[in-house]
Ligand code: NAD
């Protein structure tokens, strides 16, 4: 796979689609120029004492792309591939995503260049707390609200709440989302992104006139998004024939038992699918090219490129990951007649329930899981239908339609607020 390949730049991919949407909308270039670049970029070098006594310096970022619609919102990624362009692209995608699902947030993203799998819990805690101190003037329940992304989860969010609360001298639950339930988290948040991927898949199959029970699916990535997407799509009656993670791909024509795979990863010392029993071991690249109805890339960016797009056989691609398709591959997929539900729509279920978590924190009143799921499903379905209709209205694919809908909204708010 091409993960982390310097050949593709997610920021360039974002900008190409952005520019195309500006042209479709005939948007005033002066406003487009404001939204093309982030509002704020903060970089910090964070020294951390490692368990062996050595001090290691970590490169860390927080990019606020826009706060025109409300406080900026976006996850924090721990990965060796983190770089400024990637964080900028991810921050902009958050702006478009929040606009698409109609939540009152702008977009941001954070990242630390590190390999969390090779670090101890103590090292991760010191790094996360130091990052919070470095970003204390950026973060805030009314300013900028982080959440988990690749390589981070509930524990990191708990450390951020604790450190930020200490700095402010009061409990500040609403400063991050994706927290453990006992620490002000929301029921349904862990499953929310995968659930939105499932709702997008269900909506798209219905538009295509395909029955879930006649469809099969391959899912790349088996972390939070991939595993929950696979589980919920399987519950719809779709046969999951392949899953994968960093250890490679696992194919079974009779269908993968997704619950068994989730339990396998939870109990494995490597926290991966390594050694998971299946009919045939395949590579991540082979998984993408399987002859399936639905392909869900849910690992990382730049996986579907001009090099492999011609070989994709899926009828429907639902992007669980952010930026899994490069801009150059879009046209190839269009020409092949593949329906692509773009990342900024398909994986927006996560930020939707993050918003619900923030609302519950501020109300001090907590919802049932049934209520969270019902509202999130409704938001995702409405967003899907809106983008699908915009795609017909503008005569463009769903990705460009999603950018158009988002840009139209954010630029309208920008014009109303003025302040240039
Ligand atoms: P995660 O860390 O929980 O899981 C990532 C998965 O990808 C793991 O299974 C890992 O083994 C696999 N992976 C990593 N490198 C790989 C490689 N080179 N080849 C194949 N597989 C590889 O992360 P996540 O939270 O599931 O995020 C996955 C994607 O979804 C990212 O693009 C993220 O930005 C996006 N996303 C996440 C959320 C969320 O709520 N967690 C929301 C929206 C979008």
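The values are calculated or read from the model by the stated rules, or taken from the named source; none is laboratory data. It should be emphasised that the depicted structure is a prediction, and the values quoted were computed from it without experimental measurement. Positions of Cβ are backbone-derived with ideal geometry, glycine not excepted, and every protein chain shown enters the neighbour counts.
The table for this structure:
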quantity: The listed residue being under 14 Å from the mean Cα position of the chain (by Cα), under 22 Å from residue 321 (Cβ atoms) and not in a helix (DSSP H, G or I), out of 194, 178; calculated: 178
quantity: Only one of 267, 284 that is within 14 Å of the ligand (Cβ to nearest atom) and farther than 27 Å from residue 102 by Cβ; calculated: 284
quantity: Positions within the range 347-399 being part of a loop (DSSP other than H, G, I, E, B) and touching a residue at least 24 places away in the same chain (Cβ under 8 Å), in sequence order; calculated: 347, 348, 366, 367, 368, 396, 397
quantity: Filter pass, residue 363 being away from the ligand (no atom under 14 Å from the Cβ) and touching a strand residue (DSSP E or B) at 6+ places or on another chain (Cβ under 6 Å); calculated: no
quantity: Single unsatisfied condition, residue 245 versus (1) away from the ligand (no atom under 12 Å from the Cβ); (2) crowded, with 16+ Cβ neighbours inside 10 Å; (3) touching a residue at least 40 places away in the same chain (Cβ under 8 Å); calculated: (1)
quantity: Unmet requirement for residue 334, which otherwise passes all of (1) within 16 Å of the ligand (Cβ to nearest atom); (2) under 27 Å from residue 85 (Cβ atoms); (3) not in a loop (DSSP other than H, G, I, E, B); calculated: (1)
quantity: Count of residues meeting criterion [within 16 Å of the ligand (Cβ to nearest atom), closer than 16 Å to residue 241 by Cα and more than 15 Å from the chain's Cα centre (by Cα)] in the range 290-316; calculated: 2
quantity: Any hit, the range 145-156, residues being more than 11 Å from the ligand (Cβ to nearest atom), in a loop (DSSP other than H, G, I, E, B) and outside the structural domain of residue 300 (by TED's automatic domain parsing); calculated: no
quantity: So residue 408, is it under 18 Å from residue 96 (Cβ atoms) and either at pLDDT 95 or above or touching a strand residue (DSSP E or B) at 6+ places or on another chain (Cβ under 6 Å) (or both); calculated: yes
quantity: Residue in the range 42-59 that is in contact (Cβ under 8 Å) with a residue 60 or more places away in the chain, assigned to a helix (DSSP H, G or I) and under 26 Å from residue 143 (Cβ atoms) present; calculated: no
quantity: Top-ranked residue of the range 69-97 - restricted to ones that are touching a strand residue (DSSP E or B) at 6+ places or on another chain (Cβ under 6 Å) and under 11 Å from residue 409 (Cα atoms), ranked as nearest to the ligand (Cβ to nearest atom); calculated: 95
quantity: Residues of the range 161-186 that turn out to be within 16 Å of the ligand (Cβ to nearest atom), over 22 Å from residue 299 (Cα atoms) and buried (at least 20 other Cβ atoms within 10 Å of the Cβ), as a count; calculated: 3
quantity: Matching residues, the range 337-353, being within 15 Å of residue 94 (Cβ to Cβ) and either within 9 Å of the ligand (Cβ to nearest atom) or touching a strand residue (DSSP E or B) at 6+ places or on another chain (Cβ under 7 Å) (or both); calculated: 343, 346, 347, 348, 349, 350, 351, 353
quantity: Residue match in the range 97-110 (condition: within 14 Å of the chain's Cα centre (by Cα) and part of a loop (DSSP other than H, G, I, E, B)); calculated: yes
quantity: Test: residue in the range 218-241 that is more than 23 Å from residue 384 (Cβ to Cβ) and more than 12 Å from the ligand (Cβ to nearest atom); calculated: yes
quantity: Filter pass, residue 366 being outside the structural domain of residue 300 (by TED's automatic domain parsing), in contact with a helix residue (DSSP H, G or I) (Cβ under 9 Å, 6 or more places away or on another chain) and either crowded, with 18+ Cβ neighbours inside 10 Å or under 18 Å from residue 17 (Cα atoms) (or both); calculated: no
quantity: Flag if residue 130 is at pLDDT 95 or above and within 16 Å of the ligand (Cβ to nearest atom); calculated: no
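Residue-by-condition table, conditions (1) over 14 Å from residue 398 (Cβ atoms); (2) not assigned by TED's automatic domain parsing to the domain that holds residue 197:
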{"position": "330", "(1), (2)": "no, no"}
{"position": "362", "(1), (2)": "yes, yes"}
{"position": "370", "(1), (2)": "yes, yes"}
{"position": "376", "(1), (2)": "yes, yes"}
{"position": "383", "(1), (2)": "no, yes"}
